[in-house]
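First the structure, in the form of structure tokens, and then the observations on it.
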Amino acid sequence: MRTEPRRLGLLGGITWHSTLVYERLLHQGVAAAIPGRTADLVIRHYDFGTVGQAQNTGEWVRLARQFAADAKWLVDGGAEAIMICANTMHVAAASVQAAVDVPVIHSIDVTAKAAKDAGLDTVALLGTGFTMRMPFYRERMASHGVKLLVPQEDALQAIHEQINGPLGEGVVTDAARTLVHDAAAEMVGRGAQGIIAGCNEIPLVLGADDLDVPFLDSIALHAQAGLEFSLAD
């Protein structure tokens with residue numbers, strides 16, 4: 001068993017809450033496995049305003065170049081693997097992997113594996129409008145044999161606005177809870193066998209106890225995969 005963790009490079013979540021969740025889970029996991037130690041991390045955290053504006057104006061190529069360059073910087077800082085701490089920015093995962101010679105631990109792969117391990121072949125995604133609308137998430141899940149459902153357009157847009165508004169600032173309301181619960185129920189009615197929390201804000205308003213189907217928290221699953229890499233011999 002390792003006596004010290006491998007160093008991980010984090011490309012920080014697009015809201016600051018996400019990065020803190022990753023850090024907490026990684027530190028707690030290392031401390032539990034190796035008493036007296038915590039996670040060894042190098043982090044590039046992004047200004048939400050700058051990245052969010054670029055997303056809203058469709059500057060995905062520029063963002064991918066930025067993430068790739070920053071991944072190189074993390075590797076230069078000793079990172080032995082890269083984690084993109086935001087589901088939406090996994091749209092840049094291929095560019096990041098092409099830029100570095102260390103593994104990129106991919107959230108969608110990890111989440112798809114959890115779905116398959118649970119015997120699920122059709123799951124629903126709750127996340128930002130970008131993650132739910134763009135093809136990268138659906139196509140990556142399909143490559144693992146998992147079909148993806150998303151909310152109807154009105155609910156999808158309303159959830160996006162909550163994530164980029166109150167929920168992204170840590171403000172939880174009954175209206176947000178009702179919105180997300182109703183969207184999850186509607187997708188279960190369409191055949192979803194499980195629900196993916198595809199961003200950090202979804203678990204603020206929906207959890208396993210609220211559902212009769214499996215709840216796949218992509219951030220917790222991703223962090224666990226990073227922890228396993230960090231502790232592996």
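So here's what we get for this one:
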| quantity | calculated |
| --- | --- |
| About the Cα centre, charge dipole magnitude for the chain (Lys/Arg +1, Asp/Glu -1 at Cβ), debye | 560 debye |
| Kirkwood-type radius of the stretch 81-124, with distances r between different C-alpha atoms, in Å | 11.5 Å |
| Rounded to whole Å, sorted largest first: equivalent-ellipsoid semi-axes of the chain, Cα gyration tensor | 28, 20, 17 |
| Lys, Arg +1 and Asp, Glu -1 on Cβ, resulting dipole of the stretch 108-218 about Cα centre, debye, nearest 20 | 460 debye |
| Calculated on alpha-carbon atoms, Rg and Dmax of the stretch 9-92 in Å | 13.8, 46 |
| Degrees, to the nearest 10: 107-117 long Cα axis against longest axis of the chain | 70 degrees |
| Bins of 10 Å, starting at 0 and running to the largest distance - Cα pair percent for the stretch 47-125 | 17, 42, 29, 12 |
| Whole-number percent relative contact order across the stretch 108-218, with pairs defined as alpha carbons under 8 Å at least 6 apart | 34 percent |
| Distance histogram for the stretch 75-175 (every C-alpha pair counted, 10 angstrom bins, percent rounded to whole numbers) | 14, 38, 33, 14, 1 |
| The chain, helix-only ellipticity at 222 nm - DSSP H runs n ≥ 4, -39,500 (n - 2.57), divided by all residues, nearest 500 | -15500 deg cm²/dmol |
| Relative contact order of the chain, defined on C-alpha pairs under 8 angstrom at six or more residues apart (%) | 24 percent |
| Hits among aspartates and glutamates - C-alpha to C-alpha of residue 147 under 14 Å, sequence gap 8 or more where chains match | 109, 121, 139 |
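A short reminder: the numbers here are calculations on the coordinates, not readings from a lab. Fair warning: this is a prediction, and the values are worked out from it, not measured in the lab. No Cβ is skipped: glycine too gets one built from the backbone with ideal geometry, and neighbour counts run over all protein chains shown.
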